[in-house]
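Comments concern the structure below.
What follows draws every value from the coordinates through simple rules; no lab data is involved. This is a predicted model, so every value here is computed, not measured. Please note: Cβ atoms are built from the backbone with ideal geometry, for glycine as well, and neighbour counts cover all protein chains shown.
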Amino acid sequence: MAKRVLSTVFLLGVLALASAAHAIPCYGTAEVALTSAASYNASSGSPNPFDFNFSAAVTAPSGRRYTVPGFFDGNGAGGAIGNVWKVRIYTDEVGTWRWTTSSNVPGLNGLSGTVAVSGKIAGVFGRGPVVENPGRPRTFMYQEGVPVFLTGKFLDSPAPNPLKYSHTMLSEKLTDSNRQAMLTRHLGMKLNKINVYYANKGDYASVSTTPWVGTAASNDKTRFDLARWRTYDQWIVKLRDAGVVAHMWFFADDSKFGDLPDADRQRLIKYAMARHSAYVNTMYVVMLEWQEGWTTTEVANHANFLHANNPWARLVTVHGTPGNFSFPAASWADYMDIQAGNSASYANVHKSSLYHHSAAPKPFIQEEHGLGQEDTVHRQRAWAAFTGGAAGVGTGSFLKHLVTFTQQVPWQNMDPADSLVKSGAAYGLAQKGSAYVFYLYNGGTASVDLTQATGTLTVQWYDPRTGSFRAAPAVAGGATRSFKAPASGDWVLYIRK
């Protein structure tokens with residue numbers, strides 16, 4: 001009993017200090033830190049602290065109940081040896097949260113306490129996490145209803161080394177200065193999603209990310225390097241505060257992780273979810289290119305295992321080789337993460353996007369369709385994905401201007417509408433009768449069907465190279481109308497009531 005009292009007093013002291021400095025805000029993360037009766041070593045020795053069970057029954061102010069996995073955290077500051085154990089609670093309600101621990105760790109069973117939540121987290125995540133829009137299920141929104149088009153550039157060949165590939169952001173081979181430069185570059189392009197690996201050995205010329213004790217070449221997959229995990233924590237928080245989704249990918253391709261025992265893979269999934277799912281800006285991909293070493297049964301088993309350790313309902317999917325998403329109807333696939341292929345034409349990117357828009361009533365991200373060169377070809381691919389109904393893109397060029405467009409146009413209410421293009425070379429996206437977007441991928445003239453729109457319609461041209469609108473003469477709805485791009489190259493035509 002004395003050990004339990006000491007642990008509780010330690011916790012309440014931490015919470016009191018936190019409250020004095022700043023209250024736990026809604027959509028924030030409360031960290032409950034407890035001390036066990038004995039110390040353990042994350043790197044070696046017996047017992048292995050990662051073999052213990054530690055969780056908390058958490059009750060929200062409304063009465064919602066969660067079972068939340070906890071985790072061993074060494075000395076609590078990145079050191080391998082210590083007696084600190086933590087539970088992170090995602091606080092999406094104002095009021096008093098309650099928790100009670102359950103554990104076979106000596107000194108940690110049956111502890112209880114409360115967390116007071118008030119106010120709201122700063123920035124875009126003050127609107128809540130990214131979720132599927134229930135009214136328009138092929139799109140994403142922040143939980144409070146604000147639509148969001150997810151835009152990243154994980155393949156960024158114009159960037160200097162080692163900033164070209166965002167998946168390597170948490171690699172032990174990068175420095176915090178590298179990571180900050182990568183984040184700054186992405187923010188400069190107005191991007192709101194960064195793809196990051198938890199585990200990589202062979203991808204990106206072996207710029208490894210090793211969450212386990214040891215090196216990429218030799219490590220103990222039953223133990224985690226707590227100094228590295230502390231770095232992971234810090235950067236997920238930095239991304240959150242910058243308004244960026246931490247799009248976390250568990251297992252890289254070219255790394256033979258498909259050959260690992262289930263126990264090793266699930267241990268990483270459970271530990272990562274315990275540490276990071278309570279952060280509002282996280283969403284997950286189980287593996288990159290599942291066809292490289294994973295069976296369909298293994299894919300489903302691991303995705304379902306992730307959901308079983310996902311109390312805060314973060315979005316989950318898998319990624320495959322070029323082609324159609326293999327699991328559109330799977331209940332565990334909250335969204336589809338696809339690739340048309342790095343050498344795909346913009347026509348094939350658009351074709352792929354149209355297929356996936358119709359494949360299932362859930363969002364899809366056209367993740368991989370080139371290496372991100374800042375040129376016309378990669379810009380055409382990104383806009384081909386957008387007008388094909390994608391809810392996000394993972395690479396492309398001139399993305400800052402695509403983002404600007406999505407922030408000013410009600411794209412979330414639109415569906416692919418190529419059939420409205422009666423002549424000319426264009427892709428269509430429309431909320432028929434109300435708003436229309438036509439992408440003239442080679443410029444020129446296009447005739448489009450506006451018969452369902454009545455009255456006078458406002459017309460604007462958008463330059464995807466510069467991010468600027470220019471006004472055009474208004475037109476009357478109720479008929480097919482012809483429009484000529486104002487100059488050579490690709491242009492976007494926006495028509496609305």
Restricting attention to the range 312-333, which residues are part of a loop (DSSP other than H, G, I, E, B), within 28 Å of GLY70 (Cα to Cα) and in contact with an Asp or Glu (Cβ under 9 Å, 6 or more places away or on another chain)? TRP312, ALA313, ARG314, LEU315, VAL318
Filter the range 299-318 down to the residues that are within 29 Å of ALA344 (Cα to Cα), more than 13 Å from the chain's Cα centre (by Cα) and surrounded by fewer than 23 Cβ atoms within 10 Å (Cβ to Cβ) and list them by number. VAL299, ALA300
Across (1) under 19 Å from THR139 (Cα atoms); (2) part of a strand (DSSP E or B), TYR462 clears everything bar (1)
Counting only residues that are among the hydrophobic types (A, V, I, L, M, F, W, C) and farther than 24 Å from SER206 by Cβ, which one in the range 237-257 is nearest to the chain's Cα centre (by Cα)? VAL245
Could you grab the pairs with beta carbons closer than 6 Å, sequence gap of 6+ or different chains, first residue in the range 340-358 and of a type in the set (Ser, Thr, Tyr), second one surrounded by 18 or more Cβ atoms within 10 Å (Cβ to Cβ) and in a helix (DSSP H, G or I)? TYR346/GLN380; TYR346/ARG381; TYR346/ALA384; SER353/ALA385
Pairs under 6 Å by beta carbon, first residue over 17 Å from ALA313 (Cβ atoms) in the range 55-71, partner of a type in the set (D, E, K, R) and in a loop (DSSP other than H, G, I, E, B), six or more apart or different chains? PRO61/GLU93
Filter the range 151-191 down to the residues that are among the β-branched types (Val, Ile, Thr) and crowded, with 23+ Cβ neighbours inside 10 Å, then identify the one that is farthest from PRO211 (Cα to Cα). THR151
Kindly provide the set of residues from the range 165-204 that are assigned to a loop (DSSP other than H, G, I, E, B) and either farther than 30 Å from VAL409 by Cα or touching a Lys or Arg at 6+ places or on another chain (Cβ under 7 Å) (or both), ordered by number. MET169, LEU170, SER171, GLU172, LYS173, LEU174, THR175, MET189, LYS190, LEU191, LYS201, GLY202
In the range 265-294, which residue that is farther than 22 Å from ARG230 by Cβ and out of contact with any helix residue (DSSP H, G or I) (no Cβ under 8 Å at 6 or more places or on another chain) is surrounded by the fewest Cβ atoms within 10 Å (Cβ to Cβ)? GLN291
Sole exception among (1) outside any loop (DSSP other than H, G, I, E, B); (2) buried (at least 22 other Cβ atoms within 10 Å of the Cβ) for VAL403, by number: (2)
Look through GLY389, GLY467, GLY455 and report the one residue that is touching a residue at least 40 places away in the same chain (Cβ under 8 Å), in contact with a strand residue (DSSP E or B) (Cβ under 8 Å, 6 or more places away or on another chain) and closer than 30 Å to MET283 by Cα. GLY389
From the list GLY243, GLY258, pick out the single residue that is in contact (Cβ under 8 Å) with a residue 24 or more places away in the chain and within 23 Å of GLY341 (Cβ to Cβ). GLY258
Out of all the residues in the range 345-379, which are among the polar types (S, T, N, Q), surrounded by fewer than 24 Cβ atoms within 10 Å (Cβ to Cβ) and in a helix (DSSP H, G or I)? ASN348, SER358, THR376
When LEU306 is run through (1) in contact with a Phe, Trp or Tyr (Cβ under 8 Å, 6 or more places away or on another chain); (2) assigned to a loop (DSSP other than H, G, I, E, B), the failure sits at (2)
Can you find a residue that is free of Cβ contacts under 8 Å to residues at least 12 places away in the same chain and more than 16 Å from ALA246 (Cα to Cα) anywhere in the range 193-203? no
Strands (runs of 3 or more DSSP E) contained in the range 78-155 and holding at least 1 residues touching a strand residue (DSSP E or B) at 6+ places or on another chain (Cβ under 6 Å) and farther than 19 Å from ALA313 by Cα: 81-91, 95-103, 112-120
